[in-house]
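The values are calculated or read from the model by the stated rules, or taken from the named source; none is laboratory data. Fair warning: this is a prediction, and the values are worked out from it, not measured in the lab. Backbone-built Cβ (ideal geometry, glycine too); neighbour counts: all protein chains shown. Remember, those area values only see protein heavy atoms, side chains included, never the ligands or the DNA or RNA. Shrake-Rupley method; radii C 1.70, N 1.55, O 1.52, S 1.80 Å.
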Amino acid sequence: ASGVGGKVLQVVSVTKTDTFTSSSSSFSDITGLTANITPASSSNKVYINLSVQGSQDVNSNRVSYQLIRDNTAISVGASAGSRSQASSGLSSPHADLIASSSVTFLDSPSATSQQTYKMQTAVTAGSGNAFINRTENDTDESGMPRYASTITLMEIAG
């Protein structure tokens, strides 16, 4: 319909409350942090708001994230030599601390078929583990919470 440009047409949100661990140096899916949306028009856009709570083996590595639409990395840095391309990343300074990493991006999928958005993680320096929704130590005590990560998609009229 005319006159609806910029309006939010639908919202899809997924919250991951369980934990995830990966030691892969290649980007791999964070299970449970995937959301699907089907645009009504190929001229519409998808606004992505993603928040990941994570940590890593503090003394050995850094963690990077990639935002993926279907099989394509989006909202990543430019290619430069041997450097990996990432949407965001983190390096928690202490084994008892969590770090928050976020991505906001306005995508133009130019499609009316279902679009799948997900977050992937990789250990991009050193070795060890990347943790989602928990600290490295993850001690069973009241002062060591578990966390939640969320991906929200909004279809915006073109």
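Give me the Debye-computed log₁₀ of I(q)/I(0) at q = 0.12, 0.18, 0.26 Å⁻¹ for the stretch 1-85, equal point scatterers on Cα only, no solvent, two decimals.
-0.52, -0.99, -1.55
Please calculate how many Å² of accessible area the chain carries per residue, with a 1.4 Å probe and no DNA, RNA or ligand atoms counted.
Values: 7630 Å² over 158 residues.
Roughly 48 Å² per residue, with all protein chains present.
Is the C-alpha gyration tensor of the stretch 48-158 telling us rounded, prolate or oblate? Criteria: a/c under 1.5 is rounded; beyond that, a/b larger than b/c is prolate, otherwise oblate.
Working: a/c = 3.03, a/b = 1.57, b/c = 1.93.
Note, shape of the stretch 48-158 comes out oblate.
Starting with the highest mean, order 51-58, 26-33 by the number of other Cβ atoms within 10 Å, averaged over the residues of each peptide.
Numbers: 51-58: 22.9, 26-33: 16.8.
Result, highest mean Cβ count within 10 Å first: 51-58, 26-33.
Largest first, how would Thr152, Thr112, Thr139 line up by accessible area (1.4 Å probe)?
Thr112, Thr139, Thr152
How much of the accessible area of the chain, probe 1.4 Å, is carbon plus sulfur, in whole percent? If you can, show how the numbers build up before the last one.
Numbers: 3330 of 7630 Å².
Using a 1.4 Å probe with all protein chains present, the chain comes out at 44 percent carbon and sulfur.
Can you give me the C-alpha center-to-center distance between the stretch 111-132 and the stretch 4-24, rounded to a whole angstrom?
Answer, in whole Å: 13.
Let's test the formula: R0 of 25 Å, r as the Cβ-Cβ distance of Asp70 and Ser91. What FRET efficiency results, to the nearest 0.05? List each step's numbers first, then the result.
Details: r = 29 Å, r/R0 = 1.16.
Between Asp70 and Ser91 the formula returns 0.30.
With contacts defined as alpha carbon pairs under 8 Å and 6 or more residues apart, what's the relative contact order of the chain in percent? It would help to have the intermediate numbers written out before the result.
Working: 425 pairs, mean separation 69.5, N = 158.
Computed over the chain, the figure is 44 percent.
Which of the GluC sites (Glu not before Pro) found in the stretch 107-158 are loop residues per DSSP with 12 or fewer other Cβ atoms within 10 Å of their Cβ? Show your work: numbers first, answer last.
Working: sites: Glu136, Glu141, Glu155; in loops: Glu136, Glu141.
Qualifying residues, ordered by number: Glu141.
In what sequence, largest accessible area first, do Val8, Val14 appear using a 1.4 Å probe? Mind dumping the intermediate values first?
Working: Val8 80, Val14 40 Å².
Sorted descending by solvent-accessible area, the residues read Val8, Val14.
Quick one: order Ser42, Ser92 from most to least accessible surface, probe 1.4 Å. Please report the intermediate quantities before stating the final value.
Details: Ser42 65, Ser92 5 Å².
Largest accessible area first, the residues go Ser42, Ser92.
Could you work out which residue, out of Asn59, Asn44, Asn133, moves most in a Gaussian network model of the chain, that is, has the largest mean-square fluctuation with Cα springs under 10 Å?
The residue that fluctuates most here is Asn59.
Cβ neighbours within 10 Å, averaged per peptide: list 114-120, 79-85 in order, most packed at the top. Can you show the working numbers first?
On the way: 114-120: 19.0, 79-85: 9.7.
In decreasing order of mean packing, 114-120, 79-85 become 114-120, 79-85.
In sequence order, what are the phi-derived ³J(HN,Hα) couplings for the stretch 104-114 according to the Karplus relation 6.51 cos²θ - 1.76 cosθ + 1.60 with θ = phi - 60°, rounded to whole Hz, with x for glycine and proline?
Along the stretch 104-114, the couplings run 10, 7, 9, 9, 10, x, 6, 8, 10, 8, 4 Hz.
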